[in-house]
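The values are calculated or read from the model by the stated rules, or taken from the named source; none is laboratory data. All values reported here derive from a predicted model rather than from experimental measurement. All Cβ positions, even for glycine, are placed from backbone atoms using ideal geometry, and neighbour counts span all protein chains on display.
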Amino acid sequence: MTASIRVEMAHLVDAAISAVRPEMLVPRRIECRGGELLLDRAPFPEAVRLDGRIVVIGAGKAAAGMAAAVEAVLTPAIDTGADVRGLVSVPEGCGRRLEHVEVRETRPAAANLPTPAAVDATAEMFAAVAALGPDDLAIVIVTGGGSALLESPRDRVALDDLIAVTRFLSASGADIRELNLVRQALSRVKAGGLARACNAGRLVALVLSDVIGDPLDLISSGPCMPAVADPSAALAILRRHAAAEVAPEATRHLEGAAAAGRPPVSHAADGEWTTPAGCRVSHVLLGSNDTAIDAAAGAARHLGYDVTIRHAVPTSDTAESVGRRFAGEAAELHAAAIRDGRPRAVIEGGEAVVMVPRDHGAGGRNQQTVLASAETWQQGGSVWPAGLAIASVGTDGEDGPTDAAGGMVDDEVMKRLAGAGVDLAGAVARCDAYPALAAADGLIRTGPTGTNVADVRIILARP
């Protein structure tokens, strides 16, 4: 691959990630003026006054940047004496020092599972919103990765059981919807639990979505949505993935809850509702995978590419199937570019699933996608052309339990893989993409990005 197309790929990845940084997104929608919080320069449907205490809480990979942006927005209120304080839970490597909101690192990097530290932080958040009154405001930050960073297991559900179920389902190919439905049924803070504990008169949830389609009840498992956990659905998911015996106590809890029946709920898809305690709740979707895809597409057009965009690709697709599809499409795109001399790009969003075998190696869904593309191309017997590149990257900078955000394949990577004698089929079968791509200079490393809107996949084809 030419040096210029490699630089172009890096530029598109950077454009996608930069577009969803919370420091950019929050002030576009939210501002403070005249003692009131405004949405898109107008009052909320029900006014959000800043006369009382303001507590900022939440969790996720973008929570630190979001909290910093909220502090900046609230500067006029702070300057006139507003009492602003709070706590957000983030992964290691995402911490920063703020003046009014504590940013606490509660789980290791590249380990997307709850920890005792996350449970402790969540308990403090519960206490903070419970102590508010009708003149006060809670601002809740909801971002991708929050399901692991905001946790309070239900009675008789041990944290170790919740961790075991989450780990097993993730390795079994469960998609984010299935994972979060199970998490909701095993946790007190999810499915509206945090909002129901709030005694403030107003609660505003600021949301950065990592779930394709942006269902507010599933992003970070919907801590402020008027949802009700569905233990019957959670049980069905456990049984479908043969996970019911992984944590027997958790399964028994779900069986008991399912037998008791599911209380009715008036679901508000837009997140506007009033809790039983009288707290009026509003949700504001600040950005999503679509935001990142559109930004990368704009950057590609600026570089002269004819761009095909795909939003909301199904999350149930496996990394291997996505990789095979991309290899075939890349061949067609390159052939078309050769025919008419016009460079082409495909940019799509999604979050593939991976079935991890017991004897597995190291990698993540994005690396697995790219290596599956390389394997498919190799099986076809043709030489990878210099004007073609495929990349898949997690916008959070994390791809599985590795230090990479994803991977890419081009002609140089293919040559190095062949030169190193890498068994591509074996590496794909064992989910061992990381060492193969590392040896071929095919890893994309960004470090923690401070945001998270799922994955971006890109094909670039030049004549």
Hey, does the stretch 48-55 have a residue that's acidic (D, E) and either in contact with a helix residue (DSSP H, G or I) (Cβ under 8 Å, 6 or more places away or on another chain) or part of a helix (DSSP H, G or I) (or both)?
no
Could you check, for the stretch 336-354, whether at least one of its residues is in contact with a Lys or Arg (Cβ under 9 Å, 6 or more places away or on another chain), hydrophobic (A, V, I, L, M, F, W, C), assigned by TED's automatic domain parsing to the domain that holds L417 and over 26 Å from S209 (Cα atoms)?
yes
Exactly one of (1) touching a strand residue (DSSP E or B) at 6+ places or on another chain (Cβ under 6 Å); (2) over 16 Å from G144 (Cβ atoms); (3) at pLDDT below 95 is unmet by P108. Its number?
(1)
Only one of T122, T106 is buried (at least 20 other Cβ atoms within 10 Å of the Cβ), among the hydroxyl-bearing types (S, T, Y), on the phi < 0 side of the Ramachandran plot and not in a helix (DSSP H, G or I); which?
T106
Would the stretch 290-300 turn up any residue that is assigned by TED's automatic domain parsing to the domain that holds W384, without any contact (Cβ under 8 Å) to a residue 60 or more places away in the chain and over 30 Å from V48 (Cβ atoms)?
yes
Considering only residues that are surrounded by fewer than 21 Cβ atoms within 10 Å (Cβ to Cβ), in a loop (DSSP other than H, G, I, E, B) and in contact with a strand residue (DSSP E or B) (Cβ under 9 Å, 6 or more places away or on another chain), look in the stretch 142-178 and name the one that is modelled with the highest pLDDT.
R154
V246 fails exactly one of (1) under 19 Å from P114 (Cβ atoms); (2) part of a helix (DSSP H, G or I), namely (2)
Selection over the stretch 65-94 where residues are without any contact (Cβ under 8 Å) to a residue 12 or more places away in the chain and either in a helix (DSSP H, G or I) or buried (at least 19 other Cβ atoms within 10 Å of the Cβ) (or both) yields a count of 1
How many residues, within the stretch 219-233, are crowded, with 22+ Cβ neighbours inside 10 Å and modelled with pLDDT under 90?
3
Filter the stretch 7-37 for residues that are under 26 Å from the mean Cα position of the chain (by Cα) and charged (D, E, K, R); which is surrounded by the most Cβ atoms within 10 Å (Cβ to Cβ)?
E8
Exactly one of E412, E398, E375 is among the charged types (D, E, K, R), under 24 Å from the mean Cα position of the chain (by Cα) and either surrounded by 24 or more Cβ atoms within 10 Å (Cβ to Cβ) or on the phi < 0 side of the Ramachandran plot (or both), and that one is E398
Any residue that is without any contact (Cβ under 8 Å) to a residue 24 or more places away in the chain and assigned to a loop (DSSP other than H, G, I, E, B) - is there at least one of those in the stretch 36-43?
yes
I'd like the full set of residues that are more than 20 Å from V211 (Cα to Cα), in contact with a Pro (Cβ under 8 Å, 6 or more places away or on another chain) and among the basic types (K, R), limited to the stretch 150-197.
R188, R196
